[in-house]
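Every number here is computed from the coordinates shown, using simple stated rules; none is lab data. Please read all numbers here as calculations on a predicted model, not as lab measurements. With ideal geometry, Cβ positions are generated from the backbone for all residues, glycine too; neighbour counts draw on all protein chains shown.
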Amino acid sequence: MSEALVAVEAAGTDAPVPAASGARLFWRRLRAQRAVLVAAAVVALLVLVALGAPLLTALEGQDPTTYHPTLIDSARGGVPIGSFGGMSGDHWLGVEPQTGRDLFARLVYGARVSLGVALAATVVQVLLGVVMGIAAGLGNRWVDLVLSRITDIFISMPLMIMALALLAIVPSSFPRPVLVALIVGLVSGWGTLSKMVRAQTLTLKGLDYVSAARLSGWSTVSIARRELLPGLAAPVITYAALLVPQNISVEAALSFLGVGVKPPTPSWGQMLTAADVWYQAAPQYLLLPAGALFMTVLALTVLGDGVRTALDPRAASRLRVGTGRKREARADAAARKEDRT
């Protein structure tokens, strides 16, 4: 495909300059949103903490499962000895009540579990939603009808009830984080994505280049992979970015109810379950995982909304109304100058 050219005024002459590519336009719109940049930095920091959990706990000299009974006051019901929950050079954020396990180690390993489960569930939801949506959009009337009814059934299922039932009957020998990710991914989220992909597929398959590929003898799989998926990338990425914080909340809720990740594997929701009776004696035991969960969900939500805005030109144009109009106009002018050079 030939590159589109736009006429711009440069140095007193009308010179055709190549238009910014889709990727550059996306990054330009994303950079114009300061809140999104802050959210992206927070998410990057959380990912680094999750990936570097073994290194961070090794620097502290602790691990998330070792009990320290000498650091708790059994006469007072297991309250940590010392100020601020037993904070010290050996235990940077103190220790858990009753067990004496290092709170910092459990917090960073909990980030690994919570983010890992949410991302794995999102991958399952995206794969299932895209496959079902494209199959329904490209299939005949009966295939579309059957797949659409299956999708409607899963959309109408109450997530928490189904998850509680499935998690209760699966043997405890099955890895719990993997099980939670599979159940969250298979039960929720993908149905809405499937309907969105189906609607977009029905629109795209009527375009000339898709019809030409069909007349050329391409298989349905080739048409979906080479012609439809590029056009579906933007809405799918947008929806996936908004699914991640939702899945983190679901995992935390399941662990809070006691049917998610099981001890001794740390999870933020599980830590909140154990901390509900210690908010007065050891408030950091409740505030730290709650604060981490809140900041993670908030940052991912802001980042997901920023991605949606950057990928949707209509949403991007609405940003120009209000206090950010001049800042975005300057960003566009700088980008156009960069394109000319």
Subject >> Theoretical gain in end-to-end length, S222 to M295 [0.36 nm per residue, Cα-Cα removed] >> reply: 22.1 nm
**OP:** Distance from a point 7 Å along Cα→Cβ of V143 to each backbone N in region 166-195: keep the residues under 19 Å and list them by number.
**Re:** 194-195
**OP:** Kindly state, to the nearest 0.05, the FRET efficiency for T66 paired with V38, given R0 = 30 Å and r defined as their beta-carbon distance.
**Re:** 0.25
Subject >> Interchain or long-range residues, amide H under 5 Å from I72's placed H >> reply: I81
Subject >> Under the Karplus curve 6.51 cos²θ - 1.76 cosθ + 1.60, θ = phi - 60°, whole-Hz ³J(HN,Hα) for region 194-205, x wherever Gly or Pro sits >> reply: 4, 5, 5, 5, 4, 4, 5, 5, 4, 6, 6, 5
Original post:
Separation between the A75 and L51 pseudo-spin-labels, each 7 Å from Cα along Cα→Cβ, expressed in nm?
Top reply: 4.9
Original post:
By counting other Cβ atoms within 10 Å of each Cβ, how are M271, M87, M132 ranked from fewest to most?
Top reply: M87, M132, M271
**OP:** Taking the Cβ of each residue in W92, W278 as the centre, tally the other Cβ atoms inside 10 Å and list the residues starting with the fewest.
**Re:** W92, W278
Original post:
Residue separation times 0.36 nm, minus the C-alpha to C-alpha distance between L127 and D208: what's the value?
Top reply: 26.5 nm
**OP:** Take the alpha carbon gyration tensor of region 24-340, find the square roots of its eigenvalues, order them as a ≥ b ≥ c, and report rounded if a/c is under 1.5; if not, report prolate when a/b exceeds b/c, else oblate.
**Re:** oblate
